[in-house]
Amino acid sequence: MKEIQLLKQTALALMQGQTRAAQDPHRPGWHLAPPVGLLNDPNGFIQFAGRYHLFYQWNPLACAHGAKFWGHWSSADLLSWRHEPVALTPAEAYESHGCYSGSAVDDNGVLTLIYTGNVKFTAGRTAWQCLATLDEKGDCQKLGPVLALPEGYSGHVRDPKVWRHDGAWYMVLGAQDLAGRGKVLLLRGETLQQWQLLGEIAGSGLNGLGDFGYMWECPDLFRLGERDVLIVCPQGLPAQETRWLNTFQSGYFIGTLDYPQARYTHGDFQELDLGFEFYAPQTTLSDDGRRLMFGWMGIPDGDEFYQPTLAHGWIHQMTCPRELTLQQDRLLQRPARELQQLRGAQRRLQGAAQQLETLDIASAELLIAPEGALTAHFGDALRLDYRQGELRLSRRNLRSGQQEDRYWLGALRQLHIFCDRSSVEIFINDGEAVMSARYFPADAPRLRLEGEAKVTLDYWRLEPGVIV
């Protein structure tokens, strides 16, 4: 009965809000964004029966972090997407305060979701790891909890990522122990209904890290080449001069998982994205062998609720899909090759940066090779400077009006930039680093370059994506 009420409220929110949201000049043309309400973490990213499925944390009833639903898109090509039926609503007692993040697997031909049921009490909270299945029409059948809160941990245990290895299922879970330290737990199951906790494989106080945050969210562990990569979002890392500057961080470790011993040895923590908005990424293995990733272009508990899209009844978007590869001890990120199909005619500009014409970047792709210092202005709201081995991305904070900066340090050879109305994704040196940001120009945004540096610039306008 509660599910019917929630779906009725969702239908009303869509009928009342979609037109207003679609008229927002800041609404993306080809990135995925919620039809109304608030979007955050990508969930259940999978290629199943030849079709990509991307679920997402969604509050259709308000631009607020309330009791989350799972929205659902699917695509044959990562470019044209269609809305599928709402996958999960927080209708049951074991998920009363939200169907939190999780993953999707192919269980003998059945598309199966594994997610966290969040329950809050007056004096605390608990969490259940739950199962649900989807049929060919997208209709969901909930199977209920399969894992209760493990002993020794607070109610902050969530975000299961599940995969198959040597005939068994494995799961990583984000967790907080009773001493307030963030951890990643490893579990094993002969089936998806029965799980054994193998232990902690990473976290604050483990593997030589020392104190490293009070909660680790959204873990994702996968094989890439000959290494095992752990993506995770530690909360509570103190900001340093040029890194860890967002409210919460998203990054990765490269190492080796010893399955029999449940031990993960790894190197240093490295940030995935050095920009202003990036969190809770999730990956999948495509049928052609690529490791693909979406991220949420947002940050929890930051200045998100000062964004002007709230006046149009929606907030946040996904990143573009990215391909991950490993180069020694560094994870490279490149825009998914499918995005090239959005390109219009190519233009090439060459000369001193300050002498080049301004370019329409409402929906555009740019490839810039500078020889020396360079400044790039994105509309009136975002600035990129390169000087003496430092790349700095700057904007005015929407809440305080003060300038805020993000940094990448190194020798700059190339910038590969994707613009979509109110977002910019900057791929540095063919994927060596990325800086993602939302920005909200007052007028149709244009790119203007400054400086004496000689520049070669390739430019494409990008066609809008299709979401039906």
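Structure summary
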{"quantity": "Cα gyration tensor category, rounded, prolate or oblate, for the range 126-226 with a/c compared to 1.5", "calculated": "prolate"}
{"quantity": "222 nm mean residue ellipticity, helices alone, for the chain (DSSP H n ≥ 4; -39,500 (n - 2.57); rounded to 500)", "calculated": "-1500 deg cm²/dmol"}
{"quantity": "Shape of the range 312-376, Cα gyration tensor, a/c cut at 1.5", "calculated": "oblate"}
{"quantity": "Prolate/oblate/rounded label for the range 3-335 (Cα gyration tensor, a/c 1.5)", "calculated": "rounded"}
{"quantity": "Cα convex hull of the range 82-138 - mean projected area over all directions, nm²", "calculated": "4.4 nm²"}
{"quantity": "Protection proxy ranking, peptides 358-366, 73-81, 35-43, average beta carbon neighbours within 10 Å, highest first", "calculated": "35-43, 358-366, 73-81"}
{"quantity": "Nearest-ten-degree value, helix 2-22 long axis tilted from longest Cα axis of the chain", "calculated": "0 degrees"}
{"quantity": "Of all accessible heavy-atom area on the chain, the percent that carbon and sulfur account for (1.4 Å)", "calculated": "46 percent"}
{"quantity": "FRET efficiency, L310 to K8 (Cβ-Cβ, R0 22 Å, nearest 0.05)", "calculated": "0.40"}
{"quantity": "At R0 = 35 Å, FRET efficiency that the Cβ-Cβ distance of D301 and Q388 yields, to 0.05", "calculated": "0.55"}
{"quantity": "Theoretical gain in end-to-end length, V468 to L143 [0.36 nm per residue, Cα-Cα removed]", "calculated": "114.1 nm"}
{"quantity": "By average C-beta atoms within 10 angstrom, highest first, the peptides 374-380, 189-195, 212-218", "calculated": "212-218, 374-380, 189-195"}
{"quantity": "FRET efficiency estimate (nearest 0.05) - Cβ-Cβ, A76 to R343, R0 22 angstrom", "calculated": "0.70"}
{"quantity": "Among 168-181, 300-313, the order from most to least packed when residues are scored by Cβ within 10 Å on average", "calculated": "168-181, 300-313"}
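The values are calculated or read from the model by the stated rules, or taken from the named source; none is laboratory data. Computed from a predicted structure; not experimentally measured. Heads up, the Cβs are rebuilt from the backbone with ideal geometry, glycines too, and the neighbour counts pull from every protein chain shown. Accessible surface areas use protein heavy atoms only, side chains included; no ligands, DNA or RNA. Shrake-Rupley method; radii C 1.70, N 1.55, O 1.52, S 1.80 Å.
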